[in-house]
Amino acid sequence: MFDSDSPAAVVQRQLDAYNARDVDALLATYAPDARQYEHPATLLVTGHEAMRGRFAARFQEPDLHARLVQRVVLDNLVVDHEIVTRNFPEGKGALELVAIYEVVDGLIRSQVVKLGAKRLD
């Protein structure tokens, strides 16, 4: 049976909401006091209010899309390897990233992202 609160299902809902540019659906996958970090430990934002502003700005990019390359799940950790198409100030491009999600009680508690090099089209 499929568990809709499994860590993989929660992270997939987050990815689907990101690609749909649905900030409310995206925030519904995060704990109210969730934290986002840039690897290894640079805190970017804490909580829904700060996350809403960050995502709302990103969702204005017309070409924004995250493509899942690979997913690994171990207990409550989900590691996604993605390629994200973005609209950078220099033009359209993409970047590769790895995101590590910690899921507790059906919500993302923390996300650590390691960004790769930016490529312009």
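The values are calculated or read from the model by the stated rules, or taken from the named source; none is laboratory data. Worth saying up front: this structure is predicted, and the values here are computed from it rather than measured. Every residue, glycine among them, receives a Cβ derived from its backbone with ideal geometry; neighbour counts consider all protein chains shown.
A few remarks follow.
- Candidate set: region 46-60, residues that are in contact (Cβ under 8 Å) with a residue 24 or more places away in the chain and under 11 Å from L26 (Cα atoms); chosen: the one surrounded by the most Cβ atoms within 10 Å (Cβ to Cβ): M51
- Qualifying residues in region 32-45 (those that are of a type in the set (D, E, K, R) and either under 20 Å from G106 (Cα atoms) or more than 13 Å from the chain's Cα centre (by Cα) (or both)) - the one surrounded by the most Cβ atoms within 10 Å (Cβ to Cβ): R35
- When K114 is tested against (1) under 12 Å from the mean Cα position of the chain (by Cα); (2) crowded, with 16+ Cβ neighbours inside 10 Å, just one condition goes unmet, and that condition is (2).
- Scanning region 62-105 for residues that are out of contact with any strand residue (DSSP E or B) (no Cβ under 9 Å at 6 or more places or on another chain) and either buried (at least 16 other Cβ atoms within 10 Å of the Cβ) or at pLDDT 95 or above (or both) yields a count of 2.
- Any pair with Cβ under 6 angstrom, 6 or more apart, that starts in region 106-118 at a residue that is in a strand (DSSP E or B) and ends at one that is of a type outside the set (D, E) and loosely packed, with under 15 Cβ neighbours inside 10 Å: V112/H39; K114/H39
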